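Reviewing the structure listed below.
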Amino acid sequence: MPSPTTISTDKLSRLIGTPNCPALIDVRNDEDFALDPRLVPGSIRQSHRDVETWRHTVTRPSAVVICHAGKKLSEGTAAWLRQLGLPAESLEGGVEAWFAAGLPAVPAVRLPPRDVAGRTVWVTRARPKIDRIACPWLIRRFVDPHAAFLFVAPQEVAGVADRFDATPFDVENVFWSHRGETCSFDTMVEEFGL
């Protein structure tokens with residue numbers, strides 16, 4: 001029987017990508033993360049030791065805390081979040097249960113570096129059309145809920161990417177773009193394991 005302080009993988013999988021998805025916080029220690037460096041879609045890594053420091057960055061009305069096996073790190077961090085006024089649960093069985101269920105997992109190696117505010121920063125051409133609207137939607141819902149998107153003149157994408165440490169997308173000759181018959185959105189779905 002599930003604990004009143006946990007959420008099942010099945011229930012969480014139905015919330016991911018929806019407007020009602022709680023903040024997803026991965027508190028695995030570095031050793032456990034190194035064993036399988038994939039993330040539950042939309043989760044952000046934080047240290048369980050610094051919960052009082054990063055608690056104010058959680059902008060969703062509730063949170064789900066994720067650790068390796070769904071035990072002490074996630075239970076303790078969720079308890080601290082509740083103590084600090086944020087409704088929080090831990091993921092029953094942790095990432096072990098999530099991965100065992102064959103649910104989508106984002107390879108951490110595919111994530112661009114984060115800025116000082118902890119966001120991934122992306123840049124593309126101004127006047128977005130289908131791909132340049134769908135890609136930010138996908139990233140915010142399934143990869144980084146705090147991602148920042150810069151829309152600039154087409155000839156400035158490479159320069160802005162370089163000067164602002166942003167990741168270019170949906171332009172020619174970059175990783176996150178069209179490949180053969182597939183569009184940039186398809187590339188992201190495949191590369192992010194979604």
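General observations
- Considering all different alpha carbon pairs of region 147-194, the Kirkwood hydrodynamic radius works out to 11.5 Å.
- Per-pair calculated FRET efficiency, R0 = 22 Å: ASP162 and GLU190 via Cβ, rounded to 0.05: 0.25
- For the chain, the gyration tensor built on C-alpha atoms gives a prolate shape. Its axis ratio a/c (a ≥ b ≥ c) is at least 1.5, and a/b is the larger of a/b and b/c.
- Surface composition of region 58-170: carbon plus sulfur atoms hold 57% of the accessible area, using a 1.4 angstrom probe and ignoring ligands, DNA and RNA.
- Of ASP170, ASP30, ASP115, the one that fluctuates the most in a GNM where the chain has Cα springs shorter than 10 Å: ASP30
- Beta bridges by DSSP in region 80-194, antiparallel share as percent, to the nearest 5: 20
- Gap separating the Cα centres of region 63-127 and region 6-59, nearest whole Å: 2
- Under 29 Å from LYS11, Cα to Cα: lysines that are on another chain or at least 8 residues apart: LYS71, LYS72
- Largest first, the extents of the alpha carbon coordinates of region 56-134 on the three principal axes equal 46, 32, 22 Å.
- Assuming charge only on the beta carbon of Lys and Arg (+1) and of Asp and Glu (-1), the dipole of the chain about its Cα centre is about 560 debye to the nearest 20.
- Taking amide hydrogens as placed 1.01 Å from N in the peptide plane, the amide H of LEU24 sits under 5 Å from those of ILE44, VAL64, each at least 5 positions away in sequence or on another chain.
- Computed helical MRE - 222 nm, the chain, DSSP H runs ≥ 4 contributing -39500 (n - 2.57), nearest 500: -9000 deg cm²/dmol
- Our estimate of slack between THR18 and ASP50, defined as 0.36 nm per intervening residue step minus the Cα-Cα distance, is 8.8 nm.
- Beta bridges assigned by DSSP with both partners in the chain are antiparallel in approximately 15 percent of cases.
- Each Lys or Arg adds one and each Asp or Glu takes one away; over the other residues whose Cβ falls under 13 Å from the Cβ of GLY180, this sums to -2.
- Solvent-accessible area per residue, Å², over region 12-63 with all protein chains present [probe radius 1.4 Å]: 53
- Region 93-159, relative contact order [Cα under 8 Å, separation at least 6], %: 33
- With an a/c value of 1.5 or above and a/b not larger than b/c for the gyration tensor axes a ≥ b ≥ c computed over the alpha-carbon atoms, region 110-194 is described as oblate.
- For the chain, averaging the sequence separation of C-alpha pairs within contact (under 8 Å, six or more residues apart) and dividing by the residue count gives a relative contact order of 20 percent.
- What region 123-192 shows is 58 Å² of accessible area per residue, with the surface traced by a 1.4 Å probe over protein heavy atoms.
The values are calculated or read from the model by the stated rules, or taken from the named source; none is laboratory data. Keep in mind it's a predicted model, so treat the numbers as computed, not measured. Methodologically, a virtual Cβ is constructed for each residue, glycine included, from the backbone with ideal geometry; neighbour enumeration extends over all protein chains shown. Side chains are part of the model used for accessible areas, which takes the heavy atoms of the whole protein and leaves out ligands, DNA and RNA. Shrake-Rupley method; radii C 1.70, N 1.55, O 1.52, S 1.80 Å.
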